[in-house]
Number of protein chains: 4
Amino acid sequence: MNIIDFLHKAKRGPQVILPKDAGLIISETGLNPTWKVIDAGSGSGFLAMILGNIGCKVFTYEIREDFYNIAKQNIKNSGMNNIKIYNKDITKGIKEKKVDLITLDMKGPERAIKNAYLALKPGGFIVVYSMHIEEVLNVLKELRKYNFHINILENIQREWQSFGDATRPKTHLAHTGFLTFARKNKIILTQ
Amino acid sequence: MNIIDFLHKAKRGPQVILPKDAGLIISETGLNPTWKVIDAGSGSGFLAMILGNIGCKVFTYEIREDFYNIAKQNIKNSGMNNIKIYNKDITKGIKEKKVDLITLDMKGPERAIKNAYLALKPGGFIVVYSMHIEEVLNVLKELRKYNFHINILENIQREWQSFGDATRPKTHLAHTGFLTFARKNKIILTQ
Amino acid sequence: MNIIDFLHKAKRGPQVILPKDAGLIISETGLNPTWKVIDAGSGSGFLAMILGNIGCKVFTYEIREDFYNIAKQNIKNSGMNNIKIYNKDITKGIKEKKVDLITLDMKGPERAIKNAYLALKPGGFIVVYSMHIEEVLNVLKELRKYNFHINILENIQREWQSFGDATRPKTHLAHTGFLTFARKNKIILTQ
Amino acid sequence: MNIIDFLHKAKRGPQVILPKDAGLIISETGLNPTWKVIDAGSGSGFLAMILGNIGCKVFTYEIREDFYNIAKQNIKNSGMNNIKIYNKDITKGIKEKKVDLITLDMKGPERAIKNAYLALKPGGFIVVYSMHIEEVLNVLKELRKYNFHINILENIQREWQSFGDATRPKTHLAHTGFLTFARKNKIILTQ
């Protein structure tokens, strides 16, 4: 089944990422099926499944047991066997090494940056998804302690409607959040 | 090499699609490595390579010989062997069958809709990329003759800049185009 | 009473223009209290009252008797005596001469362009408010027959919300319409 | 001379406010010719002149002597005699009383809020123009100490271009800043 059809029917617990933002993560990082990806928190598992749909190996961390159970069931129903879910707090440690991409959609993502930096390959990416601008500012402060190239994006997506000869942007359009991309520099300058 | 690093160095002939739009095509259609994709025109081959990077089989059509040569060389340099390029006019016919996705970024895309509709699987997608709103209107008129579910999107992407304690949207932000998604309905009602 | 407080309580019949768009009309044309302004259709009289609030003389045309009655009552309640309302079709003729600004928020505004052009001062403005892009294209076609400098704008306004330390754009934001500014050229080249 | 023509020729020192933002200040506050307005800093005097063009009495404060001289000359050239300019620091005190509107486009606007609050009429407005989001957050913190109704807006304006049958948003569009509207409540609750 097409992943978008599957997700329409999947159970939604916490708020889920929109395709426009998931697509940007894929295209801005250059994600491909050979990648090792870490995702925290799992939420309803939607981002893990959208990334897993590309074929890469996904490890998704969720601290809350209720969300973990929703996400686990959704992932099982998707039939994807390249996604591993943990009921764990990512700020306590990341087991995986040489990771290509770490997505953080969680409270206090700045607390996960140090572990994430260490787990990443040179050239690998952290992408932080933030609802509020203060969260962006907090995470920037932490990211700047490490050797990252940083890029902050927001996607303002407009859906147009067209009935016969009457075509216009829909009256309302959605903002969801800010995406902060931090790429671990490949070349570490030695002193 | 990461596809985004590769594309920064690849040769650019005609205008190339931005990652924000390529990402939206991937995430809104649910593209995965098992897909068969058609792309026209190739332009510099960037969209073909971004989609090919996901692992799917891509057939890309380019009518202009000069663009064909640029795209062919770029694809060769990428090392991807899942992309086949034709120096052909897609409006003259599509050889491939049971296609999952057809992307049209070309002049007069409405002329390719009939062939595209026939080549698509039920549930498959056409995505038309248009610079001008008149092109959107023209292609809508043609799409409505067939059994499609239609959705028109534009992504207004803002990049934010942050220096110390001074964070703001960059003064200028890019519009590129409109994306018209047309999904071939799975259930064809008989009368 | 402040006009914005008055308008919150005024009767609304047809859809009314938003302040962001009315403000743009004022600031892009340079409207001031000495101006003579024509407005069609009156709708609920909101734009006429927002412009009248600046102190200029406003003549507002409304073809529909039901809207005319709503607008007339609203204008009366506002206490402004610099607004004159007609229950007339502006496409049938404009009595006023040497007009500084003509705002058109009506069906088929292209039918009013010729009369509007003749009624305008050199350097005066037509501003057409359009919901749909096809209306913009139709009116552009007509405007190009005359000696106008043309500028098309849309305002995408975002309201931000802030509770304590959680500040972000509101989830939904409004599109209302397109504003086409056409300024009658001051210098008419003779051949 | 039309104010917009005048401003095109006026001398520009520091960055000037765009019409879209000035228009929003006018239409969101309900400004009219009877108003008493304070503006700080003057910058090149553009906002003072745009508001003065409506006919209200404007008092504009500029701390820097070089900007004061530019603004003073521009205001003199405009021929408007309803604008008074001071080479003064607004944070040191505001002489005017029962003010309808105070616009702050300056460094550290939070330092002017207390004086501004005291100078305002009940129902009057402060509008703060901020380039950076941190400035918005700082000013919000200060505004919340007083009895204000607060509204934060940003206008993302798109200019469209149209050549023959090719109409589209211009490739680049401008962000300028955030507008924070704070209205002094009319009804002061007593305890």
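Bear in mind that the values in this text are calculations on the coordinates, not laboratory data. Just so it is clear, the model here is predicted, and its values are computed rather than measured. Backbone-built Cβ (ideal geometry, glycine too); neighbour counts: all protein chains shown.
Here the range B:74-172 is described by how far its Cα atoms reach on the three principal axes: 56, 38, 25 Å, from widest to narrowest. 3J(HN,Hα) along the range A:119-128, derived from phi through the Karplus expression 6.51 cos²θ - 1.76 cosθ + 1.60 where θ = phi - 60°, amounts to 6, 6, 5, x, x, x, 10, 9, 10, 9 Hz, with x in place of Gly and Pro. Sorted shortest first, the separations between the A:ARG144 label point and its copies elsewhere in the assembly read 2.3, 5.1, 5.3 nm; each point sits 7 Å from Cα along the Cα-to-Cβ line.
Counting neighbouring beta carbons within 10 Å and listing from fewest to most, the residues C:LEU137, D:LEU47 come out as C:LEU137, D:LEU47. Chain C: D in µm²/s via Stokes-Einstein (Kirkwood Rh, Cα pairs, 10 °C, 1.306 mPa s)? Answer, rounded: 92 µm²/s. Think of each Lys and Arg Cβ as +1 and each Asp and Glu Cβ as -1; about the Cα centre, that makes the dipole of the range A:78-175 roughly 520 debye. Of the residues A:LEU137, A:VAL16, A:TYR86, the one whose Cα sits farthest toward the positive end of the charge dipole of chain A, with +1 on the Cβ of Lys and Arg and -1 on the Cβ of Asp and Glu, is A:TYR86. Within straight-line reach of A:LYS141, meaning a Cα separation under 22 Å, sit the following lysines at least 8 residues removed in sequence or on another chain: A:LYS92, A:LYS107, A:LYS114, A:LYS121, A:LYS184, A:LYS186, B:LYS170, D:LYS141.
Within a straight-line Cα-Cα reach of under 18 Å, C:LYS72 can be paired with the following lysines, leaving aside sequence neighbours fewer than 8 residues apart in one chain: C:LYS9, C:LYS11, C:LYS57, C:LYS84, C:LYS88.
What separates the A:PHE163 label point from its copies, with the point 7 Å along Cα to Cβ, is 3.4, 3.6, 5.0 nm, written shortest first. The modelled label-to-label distance between A:LYS145 and C:LYS95, using points 7 Å beyond Cα along the C-beta direction, is 7.6 nm. Here B:ASP66 yields copy-to-copy label distances, from shortest upward, of 4.8, 5.9, 6.3 nm, the label point defined as 7 Å from Cα along Cα to C-beta. In chain B, Cα pairs under 8 Å separated by at least six residues give a relative contact order of 18 percent.
Relative to the longest principal axis of the Cα atoms of chain A, the long axis of helix A:133-143 makes an angle of roughly 30 degrees. In a simple Cβ point-charge model (Lys, Arg +1; Asp, Glu -1; nothing else charged), the range A:3-156 has a dipole of about 560 debye relative to its Cα centre. Electrostatic bookkeeping for C:MET131 treats Lys and Arg as +1 and Asp and Glu as -1; over the other residues with beta carbon under 14 Å from its beta carbon, the sum is -3.
From the alpha carbon gyration tensor of the protein assembly as shown, can you work out the equivalent ellipsoid semi-axes (sqrt of 5 times each eigenvalue) and give them in Å, largest to smallest?
48, 34, 23
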